[in-house]
Structures are given as C-alpha cells and as structure tokens.
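K.L.:
I'd like to ask you about the structure that follows.
The values are calculated or read from the model by the stated rules, or taken from the named source; none is laboratory data. The model shown is predicted, which means the values in this text are computed figures rather than measured ones. Cβ atoms come from the backbone with ideal geometry, glycine included; neighbour counts cover every protein chain shown.
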Ligand code: PMP
Ligand code: GLN
C-alpha cells in the first residue's frame, strides 16, 4: 500500500504519554507530565456542571461563546492593559494545543521560515514542518537560559514569517525579561515578522516575577497572536479550552484554521472558563502563591538530596541536573531508573530538543499535593542518600 504521511509516521509518541504510562506500570508518583492532582476552583467546576443543564449543548458560535470572548477581552485589559475586541479579536479553541496549530496555520505558507527557541514544547516542530515551513532553531543554554541575542538575530532573515515564543517557558521555567522581549520585538519589526505567543503559564509566575505579553510592547499589538489556556489557569488540564487574542486581521484568518480543525469547543467548559476568568485578583494571586510554595518544597528537597536544581520563575516545573548524584547514564536512563527504583517519575529534558542535546537534566512537576511531593522526596532520598 502507499506510504502514509512521512512526518507523522516518523513522529514518536509524546514523552508525556510515554512517561505517564511508565509511571502507571510501576505504580510510581508521577512528577512527569504536568497536571495538578487536585481540582481547580469549585465555582468554576459548578459552572461547567450547571451549564450542561440549561439547553445550550448544541454547536456554540465558532469563535466561542460570547461570555468567554468577553471574559478573555476583560482579562486582557485587567492584567495587561490590552484593549481586545471580544467580537473580532478573540478565537476560542479546543486547548492551547489547537490554538498553537491554528496560529501557525494562520501565518505560514510552505517555504516560510519560523524561528523557534530550544528547549521547546513538543508540538511545535512537527506542526511547523507539516505546514511546509523551515524551522530555525535557537538554543538557550542552562543553567541561566539567557537569550543568545546574536544567534537569535542571525536566525532571522528575509524568509522569516514568525517566531514562536513560549513565556513563561516549559521546560526551563524561564520568564522572558522586558529587555529580551524588546530585543525580539525589534527583530520582528526589522524583518516584518509575526509572533505566536504561547502564554499558557501566564498566571503561574513566582517571586514577584511578572509575565509580560510580547503583545504589550510598542509596535507588537498588530504582530502577535497571544494564546492562553483554561486548563492551566483553572487547574483542569483535561478541559482543553484555549483562547487566542489577536488583531482582527490575524484573528479573521485564525478562525478559518479553527473552522477546519475542530470548528467549536464544548460550550459548558467555555462558559465555566468565563466564570473563572472573571474571578477576583485574589484567586490569581493564590494560584501562583500556592504553586510557589510547592516549587520551594520540591526544589529545596531535591537540592538537599543532591540534585543541581535550576531556578524556576514560573510554570509547573523545576529542571534538575542529576550528575551530582553520580548517575552514569543519560536523562532517559535516569528517568527510567528513578521510576523503577524510587517509584518517582520525571521527564527527560532531551525530549524538548531536536537532535543532540544536553542529556543530564530531568524535569519534575511540582503541581501536586504537598504530601505527594514529600513522599516523592522521601523515596528519592532513600534511593540516593543510602
Ligand atoms: N503549550 C505549553 C508550553 C504547554 O506546556 C502546554 C501543556 N499542556 C500546552 C501548550 C497545551 O495546553 P492545552 O492543554 O491548553 O492544550
Ligand atoms: N504540557 C504538559 C507538560 O509539559 C503535558 C501536556 C501533554 O501531555 N500533552 O508536561
């Protein structure tokens, strides 16, 4: 029979699914795939349940239910001072995952170049390549993950259509600084390029670090498609409700991508996400505050065991260097070893690179109940501090 799509045939199963399956197989504590182990706010869950019973279960409007589009616009204003028109500048999608693909579809023609920053989230590269674009990869280097400005500038050229920027960034937990964002903005203007801004962790930043959307910088309002995720913001990663905020000219094409990908997104979950986005500031403060305490619990514990722990300014994750523990093997072997021997699972960071990469880092998720983190630390201590 004729061969199938080469790119997809050659794409492996995502590392998150692989490691979660391994965790189940070994009955281990899963600090791999990033998902909280407690539910999000009760009023948001209740709103989703109630919304199933009031007769709005058929196809909602393609761009999203009005309540959610208005809530997304209001959140843009409240948190970032951005004026977004809920009727023409918001597109609701089935998760940020769909939004990323839809935004890339909006911008890319075959032959275009897209600048990507490694280590990167695993859906970016396959989609860029499926669309016929050429990825131009620029690498951040641990432990500081600073933006290599000369290399970034060199990655831009006449064929550059866009950059895909993830801040706060998975898996580095880096939050791009105003200065770095300004540099990127300068390159976008110089090369007349766009930005797809994956900001799913926008509300998960620590130690007073502020997330700044690239879209808020001078000249960037017209060039950015900004992506958020209800899954992350309301601790319900299974919900898959994402939202794109973009200027009308871009949103009007993004909605065509959405039309062809999923067309609409479950209406009750959209309406619950709207309730969530309208919650008062104290909700957002405690979301990041609680997570910061969990970061400290896990990061301090891992450091005590002997891991080299990299700083985490945001997201669900802390990256660790396991060489100080004396483990002689790569990150895949390490993550398998601790799953089997300590019954704690992490993610090998090489999964976030295309090709050769530093192979002595493991990523741990701290979005878990304190007792789970404490037990995971006790197990790792038993294995490494014998
Ligand atoms: N982007 C990044 C960087 C992520 O870590 C995730 C995690 N799921 C997503 C996008 C996808 O978000 P969603 O679950 O809303 O599709
Ligand atoms: N974003 C999550 C992580 O990085 C996983 C999402 C997924 O499993 N696709 O762990």
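K.L.:
Hey, among 218, 213, which residue is under 24 Å from residue 194 (Cβ atoms) and away from ligand 1 (no atom under 16 Å from the Cβ)? Before the answer, list the steps.
P.N.:
Numbers: 213 fails: away from ligand 1 (no atom under 16 Å from the Cβ).
Checking each option against the conditions leaves just 218.
K.L.:
Conditions: (1) in a strand (DSSP E or B); (2) in contact (Cβ under 8 Å) with a residue 60 or more places away in the chain; (3) over 30 Å from residue 290 (Cα atoms). Residue 196 meets all but one. Number of the miss?
P.N.:
Condition not satisfied by residue 196: (3).
K.L.:
Given the structure, is residue 386 more than 16 Å from ligand 1 (Cβ to nearest atom) and in contact with a helix residue (DSSP H, G or I) (Cβ under 8 Å, 6 or more places away or on another chain)? If you could, list the steps in order and put the result at the bottom.
P.N.:
On the way: more than 16 Å from ligand 1 (Cβ to nearest atom): yes; in contact with a helix residue (DSSP H, G or I) (Cβ under 8 Å, 6 or more places away or on another chain): no.
The answer is no for residue 386.
K.L.:
With (1) under 22 Å from residue 22 (Cα atoms); (2) at pLDDT 95 or above; (3) out of contact with any helix residue (DSSP H, G or I) (no Cβ under 8 Å at 6 or more places or on another chain) as the list, and residue 328 as the residue in question, which single condition is left unmet?
P.N.:
The single condition residue 328 does not satisfy is (2).
K.L.:
Can you tell me which of 55, 81 is surrounded by fewer than 22 Cβ atoms within 10 Å (Cβ to Cβ) and at pLDDT 95 or above? Write out each step before concluding.
P.N.:
Details: 55 fails: at pLDDT 95 or above.
When all the criteria are applied, what remains is 81.
K.L.:
Across the stretch 231-246, what is the number of residues that are part of a helix (DSSP H, G or I) and more than 9 Å from ligand 1 (Cβ to nearest atom)? So that I can check it myself, show each step before the final result.
P.N.:
First, pick out the residues of the stretch 231-246 that are part of a helix (DSSP H, G or I): 231-233.
Applying the additional criterion that residues be more than 9 Å from ligand 1 (Cβ to nearest atom) yields 233.
Here the count works out to 1.
K.L.:
Looking at 138, 196, 127, can you tell me which residue is under 22 Å from residue 212 (Cβ atoms) and within 13 Å of ligand 1 (Cβ to nearest atom)?
P.N.:
On the way: 138 fails: within 13 Å of ligand 1 (Cβ to nearest atom); 127 fails: under 22 Å from residue 212 (Cβ atoms).
Only one candidate qualifies: 196.
K.L.:
Continuing with this model, one more query. Tally time: how many residues in the stretch 1-37 are at pLDDT 95 or above, assigned to a loop (DSSP other than H, G, I, E, B), surrounded by 10 or more Cβ atoms within 10 Å (Cβ to Cβ) and more than 14 Å from ligand 1 (Cβ to nearest atom)?
P.N.:
Residues that pass the stated criteria total 3.
K.L.:
Just checking, how many residues over the stretch 98-116 are in contact (Cβ under 8 Å) with a residue 24 or more places away in the chain, closer than 18 Å to residue 256 by Cα and away from ligand 2 (no atom under 16 Å from the Cβ)? Before the answer, list the steps.
P.N.:
To start, the set of residues in the stretch 98-116 that are in contact (Cβ under 8 Å) with a residue 24 or more places away in the chain comprises 98-109, 111-116.
Right, trim to closer than 18 Å to residue 256 by Cα and you get 98-109.
With away from ligand 2 (no atom under 16 Å from the Cβ) added as a condition, the list becomes 102-109.
So the count comes out to 8.
K.L.:
Residues 187, 181: which one is free of Cβ contacts under 8 Å to residues at least 60 places away in the same chain, surrounded by fewer than 20 Cβ atoms within 10 Å (Cβ to Cβ) and outside any loop (DSSP other than H, G, I, E, B)?
P.N.:
Numbers: 181 fails: surrounded by fewer than 20 Cβ atoms within 10 Å (Cβ to Cβ).
Exactly one residue qualifies, and that residue is 187.
K.L.:
For the stretch 117-141, which positions are more than 16 Å from ligand 2 (Cβ to nearest atom), in a strand (DSSP E or B) and in contact with a strand residue (DSSP E or B) (Cβ under 8 Å, 6 or more places away or on another chain)?
P.N.:
We begin by selecting, within the stretch 117-141, every residue more than 16 Å from ligand 2 (Cβ to nearest atom); these are 128-141.
Imposing the further condition that a residue be in a strand (DSSP E or B) reduces the set to 134-139, 141.
134, 135, 136, 137, 138, 139, listed by residue number.
K.L.:
Quick check on the stretch 90-101. Is at least one of its residues loosely packed, with under 15 Cβ neighbours inside 10 Å, touching a strand residue (DSSP E or B) at 6+ places or on another chain (Cβ under 8 Å) and at pLDDT 95 or above? Break it down into steps so the answer makes sense when it comes.
P.N.:
Taking the stretch 90-101 and keeping what is loosely packed, with under 15 Cβ neighbours inside 10 Å, we get none.
No: zero hits.
K.L.:
Quick one: would you say residue 128 is closer than 19 Å to residue 14 by Cβ, buried (at least 21 other Cβ atoms within 10 Å of the Cβ) and in contact (Cβ under 8 Å) with a residue 12 or more places away in the chain?
P.N.:
So residue 128 fits the description; yes.
K.L.:
So in the stretch 295-304, with the set limited to residues that are crowded, with 21+ Cβ neighbours inside 10 Å and touching a helix residue (DSSP H, G or I) at 6+ places or on another chain (Cβ under 8 Å), which one is nearest to residue 207 (Cα to Cα)?
P.N.:
Out of the qualifying residues, it is 298.
K.L.:
Still on this model: Enumerate the helices (runs of 4 or more DSSP H) found wholly within the stretch 253-349, keeping only those where 1 or more residues are under 20 Å from the mean Cα position of the chain (by Cα).
P.N.:
Working: elements: 267-277, 281-305, 331-341.
Fully inside the stretch 253-349 and qualifying: 267-277, 281-305.
K.L.:
Of the residues 164, 104, only one is part of a strand (DSSP E or B) and within 16 Å of ligand 1 (Cβ to nearest atom); which? Can you show your working first?
P.N.:
On the way: 104 fails: part of a strand (DSSP E or B).
It is 164.
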